[in-house]
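K.L.:
Can you keep this structure in mind? I'll have questions shortly.
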Amino acid sequence: MTNEEKKQIIFEVLDEIAVFNHIENKTEKIQAYQTIKTSLTGFVFSEPNNKVDTYLNNCKILITSSKGNAKGKLKAIQINLENALTQLI
């Protein structure tokens with residue numbers, strides 16, 4: 001996966017998190033969360049070999065974990081994505 005592809009995923013998920021945070025309807029929140037989950041689990045790399053890959057892998061682990069609530073997970077994911085983006089710029 002190229003750095004440009006990683007940036008695209010990061011921006012996409014950050015946008016989706018922003019939408020999630022403004023939705024009030026429970027059904028729509030669930031759909032938004034599933035969209036984020038699909039975006040974060042839709043890419044594959046063998047082993048994280050740099051900080052960006054590690055941050056993205058952290059996001060995949062968080063979104064697929066059964067522990068914690070959605071809002072808390074998304075905040076942690078947002079922080080990891082922002083850190084990954086900082087590494088890419």
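The values are calculated or read from the model by the stated rules, or taken from the named source; none is laboratory data. The structure displayed is predicted, hence computed values, not measured ones. Quick reminder, even Gly has a Cβ in these numbers, built from the backbone with ideal geometry, and neighbours come from all protein chains shown. Protein only, heavy atoms only, side chains kept; ligands, DNA and RNA dropped before computing areas. Shrake-Rupley method; radii C 1.70, N 1.55, O 1.52, S 1.80 Å.
K.L.:
On the accessible surface of the chain, probed at 1.4 Å, how many percent belong to carbon and sulfur atoms?
P.N.:
On the way: 2850 of 5620 Å².
With neighbouring chains kept in place, the figure for the chain is 51 percent.
K.L.:
Just to confirm the filter: which GluC sites (Glu not before Pro) across the range 13-79 are DSSP coil and have at most 10 other Cβ within 10 angstrom of their Cβ?
P.N.:
Details: sites: 16, 24, 28; in loops: 24.
The qualifying sites are 24.
K.L.:
Right, another one. With contacts defined as alpha carbon pairs under 8 Å and 6 or more residues apart, what's the relative contact order of the chain in percent? Write down the numbers at each step before the final one.
P.N.:
Details: 64 pairs, mean separation 30.0, N = 89.
After rounding, I find 34 percent.
K.L.:
With a 1.4 Å probe and all protein chains kept in place, how do 79, 23, 89 rank by accessible area, largest first?
P.N.:
Values: 79 80, 23 30, 89 155 Å².
Putting 79, 23, 89 in descending order of accessible area: 89, 79, 23.
K.L.:
Solvent-accessible area per residue for the chain at a 1.4 Å probe radius, Å²?
P.N.:
Values: 5620 Å² over 89 residues.
It amounts to 63 Å² per residue over the chain.
K.L.:
Moving on. Label residue 11 and residue 30 with points 7 Å out from Cα along Cα→Cβ: what is the distance between them in nm?
P.N.:
3.2
K.L.:
Could you tell me how many degrees, from 0 to 90 and to the nearest 10, lie between the Cα long axis of helix 51-64 and the main elongation axis, the longest principal axis, of the Cα atoms of the chain?
P.N.:
30
K.L.:
Additional query: Viscosity 0.890 mPa s, temperature 25 °C: Stokes-Einstein D of the range 16-89 from its Kirkwood Cα radius, in µm² per second? Before the final figure, lay out each step's value.
P.N.:
Values: Rh = 12.8 Å.
The diffusion coefficient I find is 192 µm²/s.
K.L.:
Just by accessible area at a 1.4 angstrom probe, what is the order of 52, 44 from largest to smallest?
P.N.:
On the way: 52 10, 44 125 Å².
Putting 52, 44 in descending order of accessible area: 44, 52.
K.L.:
Take 33, 55 and sort them by solvent-accessible surface of the protein heavy atoms, 1.4 Å probe, largest at the top. Walk me through the numbers on the way to the answer.
P.N.:
On the way: 33 30, 55 55 Å².
If we order 33, 55 from most to least accessible, we get 55, 33.
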